[in-house]
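Participant: Below you'll find the structure I mean.
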Amino acid sequence: MIRLSLGEIAAITGGRVVNADPSAEVTGTVEYDSRKVGPGGLFVAFAGEKVDGHDYAAAVIAGGAAAVLGTRDTGQPGVVVEEQLAALATLAHAVLERLPDLTVVGLTGSSGKTTTKDYIGQLLSRLGPTVAPKGSLNNELGFPYTVLLADEKTRFLVLEMGARGVGHIRYLTEIARPSIGLVLNVGAAHIGEFGSVEGTALAKGEMVEALAPSGVAILNADDALVAGMSSRTRARVIFTGEAGDADVRAASVSVDSSGRASFDLVSGDKTGHVRLGVAGRHQVANTLAAAAVALTAGMAFADLVTALGEVGIVSERRMDVFTRPDGVTVIDDSYNANPSSTAAALHALAAMGEGRRTTAVLGYMAELGDQEVAGHAETGRLAATLGVDRLIAVAENAHPILDGAGAVADWPGAAHAAADQAAAIAILQADLRADDVVLVKGSRYRTWDVADWLRSEEV
């Protein structure tokens with residue numbers, strides 16, 4: 001964060017300085033985890049159900065923090081505010097107002113947000129200092145936290161925006177208005193909260209509505225609901241995809257035995273061949289979106305072609321492919337799941353597992369509302385249609401996946417209903433063969449134990 005005095009922070013947030021000289025400055029980062037607060041930092045103390053951050057105030061100040069931002073006087077130097085999230089949002093907005101030369105990139109979509117954010121960050125860092133922290137910091141807390149990582153040296157700020165309903169993305173763009181805005185796709189993620197994919201599109205389109213006429217909207221030409229958002233923005237529109245009329249497009253796409261895609265990148269009259277180093281055909285769409293951002297930011301086309309082949313996985317549990325000492329290949333895509341992202345992962349499993357035995361360990365996909373059973377069953381049908389050899393559905397609420405697979409005529413695969421992750425691990429442990437390819441996928445923590453067990457060299 002830029003240097004700010006406690007008096008300035010109090011004035012911005014509507015708070016009051018306690019136990020300190022208002023001229024004392026915050027020179028470090030803003031943190032809400034007391035273990036991460038460094039010298040000169042600002043600790044935001046939240047009161048949770050089990051832990052109250054205010055109780056750590058003395059420890060963080062003793063460790064060198066400049067002040068505590070909370071809702072009560074802890075007896076330590078600090079700024080007392082009415083509500084921390086609102087204060088963070090206001091502070092983040094004010095910091096951006098003092099960084100007029102910063103280019104803000106915002107992106108949203110039903111799947112692929114974090115991975116694409118990571119790609120954008122890697123590309124833009126070749127052009128100048130870039131803030132794009134790993135992980136999914138895309139909500140009311142993580143978003144302003146990311147903004148506050150920027151300072152006078154930062155040239156690019158890449159912000160991921162999540163939404164659980166209409167108005168959420170609009171709120172985030174009011175904190176930090178992007179000059180480049182991307183919408184990757186619209187799918188069934190959170191459909192239980194949005195009500196329909198059309199409701200999802202309504203919410204995701206708030207991204208491009210926030211752009212100024214001088215801004216740039218980057219839209220997926222291969223997704224009709226996203227492409228249709230072009231009428232909702234005053235900004236210049238760049239279409240990406242495999243459609244023949246996309247401005248930044250991929251042609252002649254192929255996938256090798258490692259699941260890595262190659263394609264011809266086409267932009268205007270320029271063409272270059274790209275071979276991705278990350279697994280999954282769906283990465284083509286993600287890298288095209290990142291490529292459009294890089295070109296908009298001024299990256300030379302030849303440099304971009306080279307850079308795309310060098311981007312890698314940054315955030316954990318997202319298409320992280322590794323081979324164990326016993327020869328088993330694991331696709332750890334367990335961070336989160338929805339029908340669209342699970343379909344992409346299953347296609348990657350099929351491509352990588354050609355000629356090998358394949359296993360998909362699939363957990364529950366949350367927030368599907370009244371489409372929960374149908375969504376899981378459709379995932380099972382896809383897995384069987386792709387020829388996945390073994391399906392392990394983790395926990396009872398994921399078992400409709402097996403019903404869907406069983407409905408595919410002549411599917412020769414094996415279906416296993418695991419009561420929990422320990423049971424899924426036992427199934428794998430009993431019959432895991434060298435040269436197997438195993439995909440692990442599920443909503444949040446629901447398959448993490450399985451992925452961690454597979455990663456261990458002691459199994």
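The values are calculated or read from the model by the stated rules, or taken from the named source; none is laboratory data. No experiment lies behind these values; they were computed from the predicted model shown. So basically every Cβ, Gly included, is an ideal-geometry build from the backbone, and we count neighbours across all protein chains shown.
Participant: Restrict the check to region 144-157 and report whether at least one residue is outside the structural domain of residue 32 (by TED's automatic domain parsing), among the basic types (Lys, Arg) and crowded, with 22+ Cβ neighbours inside 10 Å.
Facilitator: no
Participant: Another question, if that's okay. Sort out which residues of region 280-294 are of a type in the set (Gly, Ala, Ser) and in a loop (DSSP other than H, G, I, E, B), and write them in order of number.
Facilitator: 280 - this is the single residue of region 280-294 that is of a type in the set (Gly, Ala, Ser) and in a loop (DSSP other than H, G, I, E, B).
Participant: In region 108-120, is there at least one residue being on the phi > 0 side of the Ramachandran plot, surrounded by 23 or more Cβ atoms within 10 Å (Cβ to Cβ) and either acidic (Asp, Glu) or in contact (Cβ under 8 Å) with a residue 40 or more places away in the chain (or both)?
Facilitator: Yes, that holds for at least one residue.
Participant: I'd like the full set of residues that are free of Cβ contacts under 8 Å to residues at least 60 places away in the same chain and either in a loop (DSSP other than H, G, I, E, B) or under 10 Å from residue 18 (Cα atoms) (or both), limited to region 64-80.
Facilitator: If the condition is that a residue be free of Cβ contacts under 8 Å to residues at least 60 places away in the same chain and either in a loop (DSSP other than H, G, I, E, B) or under 10 Å from residue 18 (Cα atoms) (or both), then 64, 65, 68, 71, 72, 73, 74, 75, 76 are the ones that fit.
Participant: Taking only region 248-263 into account, find how many residues are crowded, with 19+ Cβ neighbours inside 10 Å, assigned to a loop (DSSP other than H, G, I, E, B) and out of contact with any Gly (no Cβ under 8 Å at 6 or more places or on another chain).
Facilitator: Matching residues across region 248-263 total 0.
Participant: Given the criterion in contact with a His (Cβ under 8 Å, 6 or more places away or on another chain), at pLDDT 95 or above and within 20 Å of residue 340 (Cβ to Cβ), identify the matching residue among 382, 391, 439.
Facilitator: 391
Participant: Now for a separate question. Identify the residue in region 6-20 that is without any contact (Cβ under 8 Å) to a residue 60 or more places away in the chain and not small (Gly, Ala, Ser) and, among all such residues, is farthest from residue 98 (Cα to Cα).
Facilitator: Result: 19.
Participant: If you take the residues in region 43-58 that are in contact (Cβ under 8 Å) with a residue 24 or more places away in the chain and surrounded by fewer than 20 Cβ atoms within 10 Å (Cβ to Cβ), which one is farthest from residue 91 (Cα to Cα)?
Facilitator: Looking at the filtered set, the residue picked out is 47.
Participant: Could you say whether any residue in region 113-122 is more than 25 Å from residue 341 (Cβ to Cβ) and either assigned to a loop (DSSP other than H, G, I, E, B) or in contact with a helix residue (DSSP H, G or I) (Cβ under 9 Å, 6 or more places away or on another chain) (or both)?
Facilitator: Scanning region 113-122, I find no residue that is more than 25 Å from residue 341 (Cβ to Cβ) and either assigned to a loop (DSSP other than H, G, I, E, B) or in contact with a helix residue (DSSP H, G or I) (Cβ under 9 Å, 6 or more places away or on another chain) (or both), so the answer is no.
Participant: Another question about this same structure. Please verify whether residue 29 is of a type outside the set (Asp, Glu) and in the same structural domain as residue 150 (by TED's automatic domain parsing), treating the condition exactly as stated.
Facilitator: In short, no.
Participant: Related question: Within region 296-337, take every residue that is in contact with a Ser or Thr (Cβ under 6 Å, 6 or more places away or on another chain) and not charged (D, E, K, R) and give me the one that is surrounded by the fewest Cβ atoms within 10 Å (Cβ to Cβ).
Facilitator: The extreme case among them is 323.
Participant: Answer yes if at least one residue in region 219-230 is among the aliphatic types (A, V, I, L, M), in contact (Cβ under 8 Å) with a residue 40 or more places away in the chain and part of a strand (DSSP E or B), and no otherwise.
Facilitator: No, every residue in region 219-230 fails to be among the aliphatic types (A, V, I, L, M), in contact (Cβ under 8 Å) with a residue 40 or more places away in the chain and part of a strand (DSSP E or B).
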